[in-house]
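The values are calculated or read from the model by the stated rules, or taken from the named source; none is laboratory data. Computed from a predicted model, the values in this text were never measured in an experiment. Cβ placement follows ideal geometry from the backbone for every residue including glycine, while neighbour counts extend to all protein chains displayed.
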Amino acid sequence: MLTEEEKREILKEVEHYPHPRAASVAALKILQQRRGWVSGDLAEVAALLGMTPAELEGLATFFSHIYLQPLGRHVIFICDSISCWVTGYDMLKEYLQDRLKIKLGETTSDGRFTLMPIACLGICDYAPAMMVDEVLYTGLNRMKIDDILEQYP
Amino acid sequence: MISSNNTLRQERLRALPLTGAMRPDGEPLSLEEYEAWGGYQALKTALATMAPTEVIATVKQANLRGRGGAGFPTGLKWESMSPIEDPRRPRYFIVNADEMEPGTFKDRMLMEGNPHQLLEGVILSAYAVQANRGVIFLRWAYNTPVGNLKQAIAAAYEKGYLGKNILNSGYSLELTLHVGAGRYICGEETSLLNSLEGKRPVPRPRTLHAGELGLWGKPTIVNNAETTCNVPHIIRNGAEWFRNLGRCDDGGTKIFGVSGHVKKPGAWELPLGTTVREIFDDYAGGMSEGFKFRALIPGGASTQFLLEEHLDAKMDYSDLQRVGSRIGTGAIVVMDDRTCPVGFLLNLERFFARESCGWCTPCREGLPWTERVLQSIEEGRGKAEDMETLRFLIFMLGAGRTFCLLAPGAMMPLESGLKYFQEDIDKHISGNRCPWR
């Protein structure tokens, strides 16, 4: 069930476009922001956007930044593209996996972190890089990673 | 004092139009600061004295070519916009700022450091093609540019540079910022349109020209962010000035980046036609201590390798082709002697396999297959016949056999990699292990 507030926010997005379905990504992001992930039945959202549930699900499963499963309190996006790979991605990924005791795509048992790969973050001159929630970290090494993780309880 | 300061500024901007005004700390220029550098002057001039066709003609004479990778001449693209007599409205101008080509970090820098430069470019370009709706399609992971652009758009509206009847010219433009949700394919022009329409972002047939049949079937032009940032300077300083900036037949400067194990990784605005060697030696400072040069890709993940013997080639739209590569996004990624070439190729192909949208069979099936073959070679399970499989895949995923250019782009580094690193691949296969591990 959508809350009244969620519904209002989605309909506000719909107004920005000549066709309601153009607001679909925005609508999914609204749910994600409020609930932490895209939970529940998409049929009601689809109806607001004039789409079939299958069409909306097709979109939701297509984008890498739409999550259909709960995430940890913080999401670590580690860049696995070429400049970061050349400058130490494999080692940093192993280190993060060992420290957090999870694999890429998983969430720690205490729900603190989800570890995700991400394509090139466009900061290749300061590689290797990762993003935690919305903050970009560059020039990474093991010690820096220790310090960064500390900042996210 | 003020006027001499201004002269100095103008001289600097004439040499470095895209980055000359930026602050050393990379913080965004405010609208007032941008204006102090002469910002929005070109817009005022164009709206007051130039017909849209004159703006197109100037950009065409300037020889501006698309900076997103394909290098299509911008003026020609603008001319493909359905004429104003076409009653369909709205008409769209879209900026492709979905930067995601591995190794590429130029649009981020331009949008972070000088968002108003992009906005002035948008308004001028939209005026040229008589678009009354503008959209900036921005990558979600670029959250600093998202904030900077939102602020800049609000400031431009307040100042009357956007909205109805801009500067009393009678011309109106509404501009929105669209933040995507992450997929490389959204940077493909027609996938971007599908994405904006709320459809699954797979490409459209290449026979549909956006200028005729674009967003929601309306006349539409899509330009890259860096391309768009050049437009105000061309209008301000003229086509001849722009053509003379380049050290080759193509006009203007380009943001070139270098990453990998070099002494000073970074990005610099340099004339088109600067040699790869100058960028690598003089700007990036050559290899880091303890690393030797093996090869580089000159323009992002979908470009062919260059070796030492190719480094005197010019970074432009024709000379790199002479040595079997292309300029792409101008983002150089360096491969050193401590990096396994098979691992390097595997990393590139894994990216493309993950980002394939799945719409056409060769790409959907062929890229993961490519990835698996490379992975088995890298892990010491490779067989001699794997080379044949890779050559077959390069043929099957080549230009003309796929729906869009994602897979042919993915084959470019692979094809050249097989040519240049054959010995390294053989060692993996005959030794049943990666010599770098």
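Look through A:Ser109, A:Ser64, A:Ser83 and report the one residue that is loosely packed, with under 14 Cβ neighbours inside 10 Å and either at pLDDT 95 or above or not in a strand (DSSP E or B) (or both). Give the steps one after another, and end with the answer.
Values: A:Ser64 fails: loosely packed, with under 14 Cβ neighbours inside 10 Å; A:Ser83 fails: loosely packed, with under 14 Cβ neighbours inside 10 Å.
The conditions single out A:Ser109.
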Which of the helices (runs of 4 or more DSSP H) found entirely inside region A:1-59 contain at least 2 residues meeting this: more than 26 Å from B:Cys357 (Cβ to Cβ) and within 10 Å of chain B (Cβ to nearest Cβ)? none
If you check B:Gly26 against the conditions, is it small (Gly, Ala, Ser), surrounded by fewer than 13 Cβ atoms within 10 Å (Cβ to Cβ) and within 26 Å of B:Glu99 (Cα to Cα)? yes
Just the residues that are under 30 Å from B:Ala353 (Cα atoms) and within 13 Å of another protein chain (Cβ to nearest Cβ), please, taken from region B:257-286. B:Gly257, B:Val258, B:Ser259, B:Gly260, B:His261, B:Val262, B:Pro265, B:Gly266, B:Ala267
How many residues are crowded, with 17+ Cβ neighbours inside 10 Å and either touching a residue at least 60 places away in the same chain (Cβ under 8 Å) or closer than 25 Å to B:Val334 by Cα (or both) when one looks only at region A:89-106? 3
Could you please tell me which pairs satisfy a Cβ distance under 6 Å, a separation of 6+ or placement on different chains, a first residue in region A:119-132 that is facing chain B (nearest Cβ under 7 Å), and a second residue that is surrounded by fewer than 22 Cβ atoms within 10 Å (Cβ to Cβ) and not hydroxyl-bearing (Ser, Thr, Tyr)? A:Asp125/B:Gly266
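Within region B:187-223, can you find the residues that are among the polar types (S, T, N, Q) and surrounded by 24 or more Cβ atoms within 10 Å (Cβ to Cβ)? Spell out how you get there, then give the answer.
Let us first name the residues in region B:187-223 that are among the polar types (S, T, N, Q), namely B:190-191, B:194-195, B:207, B:220, B:223.
Correct list: B:Ser191, B:Ser195, B:Thr220, B:Asn223.
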Here are some conditions: (1) part of a loop (DSSP other than H, G, I, E, B); (2) in contact with a helix residue (DSSP H, G or I) (Cβ under 9 Å, 6 or more places away or on another chain). B:Asp86 meets all but one. Which one does it not meet? (2)
Taking B:Thr58, is it assigned to a helix (DSSP H, G or I) and either under 20 Å from B:Pro271 (Cβ atoms) or among the small types (Gly, Ala, Ser) (or both)? yes
Residue, farthest from B:Gly71 (Cα to Cα), within region B:258-279, restricted to residues that are among the charged types (D, E, K, R) and assigned to a loop (DSSP other than H, G, I, E, B): B:Lys263
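How many residues does region A:67-80 hold that are part of a loop (DSSP other than H, G, I, E, B) and under 30 Å from B:Val258 (Cβ atoms)?
The total comes to 1.
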Can you tell me how many residues within region B:404-437 are at negative phi and not in a helix (DSSP H, G or I)? 8
B:Ala141 within 14 Å of chain A (Cβ to nearest Cβ) and either at pLDDT below 95 or farther than 17 Å from B:Ile94 by Cα (or both): yes
Members of region A:86-106 found to be among the hydroxyl-bearing types (Ser, Thr, Tyr) and in a loop (DSSP other than H, G, I, E, B), listed by number: A:Thr87
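Quick check on A:Gln69: is it surrounded by fewer than 19 Cβ atoms within 10 Å (Cβ to Cβ), modelled with pLDDT under 95 and closer than 26 Å to A:Lys29 by Cβ?
Details: surrounded by fewer than 19 Cβ atoms within 10 Å (Cβ to Cβ): yes; modelled with pLDDT under 95: yes; closer than 26 Å to A:Lys29 by Cβ: yes.
Taking the combined requirement at face value, the residue satisfies it.
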Of the residues that make up region B:186-200, is at least one among the β-branched types (Val, Ile, Thr) and without any contact (Cβ under 8 Å) to a residue 60 or more places away in the chain? no
